[in-house]
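Chemist: Structure incoming, see below.
The values are calculated or read from the model by the stated rules, or taken from the named source; none is laboratory data. Remember, it's a predicted structure, so these values are computed and weren't measured experimentally. Here the Cβ positions follow ideal geometry from the backbone for every residue, glycine too, while neighbour counts run over all protein chains shown. Accessible surface areas use protein heavy atoms only, side chains included; no ligands, DNA or RNA. Shrake-Rupley method; radii C 1.70, N 1.55, O 1.52, S 1.80 Å.
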Amino acid sequence: GTRARLTASGCRVGHDRARHPVTLWRVAPARTYRRGMRISDVVRHKGGDVITVRTDASVTELLSLLSEHRIGAVVVSDDGETVHGIVSERDIVRHLHTDGAALLDAPVHQIMTSEVHTCVPEDSLDDLESAMTEKRFRHVPVLSDGKLVAIVSIGDVVKNRIGDLQAERDQLRTYIQS
């Protein structure tokens, strides 16, 4: 498995079996005055299915997964539970520009992002939204007891925000009309 240590900054640092450096950053909670939705609420609505790819899979295999499932990122995991990294369409484009067509035969671990921001089901969705916006990442694996259980995308966050705004609008209309 992955041997890791938790640093003072809340960052989990370690190496997986294949000796790929892995850094898992935990989304830091902000101080909020109201209890909003939790990550677990989003996962309950969207489901906990997570598409993963092995570190030794080729980029061509990765492209097939992205296309087949119509998704923009895949968690890199050799066992389906341990997060080794994450790889997105943007990672592929950046490396394709520099490495050319040879990239298609390269293993995923060569292009994956190994500094992964993660969250837990108990985290606030507001905190995650702030972190995703501020640090400019679009996909966050959800870990429970250190194991991968779901993934939350910026699209999931936006969908929730739109739902909140529509509910607030409806409440205001009802208030004004009564």
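Chemist: On the given criteria, is Val50 in a loop (DSSP other than H, G, I, E, B), at pLDDT below 95, open to solvent by less than 50 Å² (accessible area, probe 1.4 Å) and among the hydrophobic types (A, V, I, L, M, F, W, C)?
Modeler: Yes, satisfied.
Chemist: So Thr32 clears everything in (1) at pLDDT below 95; (2) farther than 20 Å from Leu125 by Cα; (3) assigned to a loop (DSSP other than H, G, I, E, B) except one condition, right? Which one?
Modeler: Among (1) at pLDDT below 95; (2) farther than 20 Å from Leu125 by Cα; (3) assigned to a loop (DSSP other than H, G, I, E, B), Thr32 violates only (2).
Chemist: When residues of the range 133-161 are filtered for being of a type in the set (A, V, I, L, M) and in a helix (DSSP H, G or I), how many remain?
Modeler: Matching residues across the range 133-161 total 3.
Chemist: Additional query: Got at least one residue in the range 118-125 being touching a residue at least 60 places away in the same chain (Cβ under 8 Å), outside any strand (DSSP E or B) and in contact with a Pro (Cβ under 8 Å, 6 or more places away or on another chain)?
Modeler: Checked against the condition, which is being touching a residue at least 60 places away in the same chain (Cβ under 8 Å), outside any strand (DSSP E or B) and in contact with a Pro (Cβ under 8 Å, 6 or more places away or on another chain), the range 118-125 yields at least one hit.
Chemist: Just one of Asp56, Asp78, Asp91 is of a type outside the set (Ser, Thr, Tyr), crowded, with 17+ Cβ neighbours inside 10 Å and not in a helix (DSSP H, G or I); which is it?
Modeler: Numbers: Asp56 fails: crowded, with 17+ Cβ neighbours inside 10 Å; Asp91 fails: not in a helix (DSSP H, G or I).
Selected residue: Asp78, the only one of Asp56, Asp78, Asp91 that is of a type outside the set (Ser, Thr, Tyr), crowded, with 17+ Cβ neighbours inside 10 Å and not in a helix (DSSP H, G or I).
Chemist: Does Ser124 qualify as being at pLDDT below 95, over 15 Å from Val53 (Cβ atoms), surrounded by fewer than 20 Cβ atoms within 10 Å (Cβ to Cβ) and of a type in the set (Ser, Thr, Tyr)?
Modeler: yes
Chemist: Is it the case that Asp164 is in a helix (DSSP H, G or I) and touching a helix residue (DSSP H, G or I) at 6+ places or on another chain (Cβ under 9 Å)?
Modeler: Details: in a helix (DSSP H, G or I): yes; touching a helix residue (DSSP H, G or I) at 6+ places or on another chain (Cβ under 9 Å): no.
Judged against the criteria, Asp164 is not a match.
Chemist: Right, Ser64: without any contact (Cβ under 8 Å) to a residue 12 or more places away in the chain and over 24 Å from Lys159 (Cα atoms) or not?
Modeler: Criteria met by Ser64.
Chemist: Inside the range 94-116, can you point out the residues that are farther than 13 Å from Leu62 by Cα, assigned to a strand (DSSP E or B) and open to solvent by less than 40 Å² (accessible area, probe 1.4 Å)?
Modeler: Across the range 94-116, the qualifying residue is only Val116.
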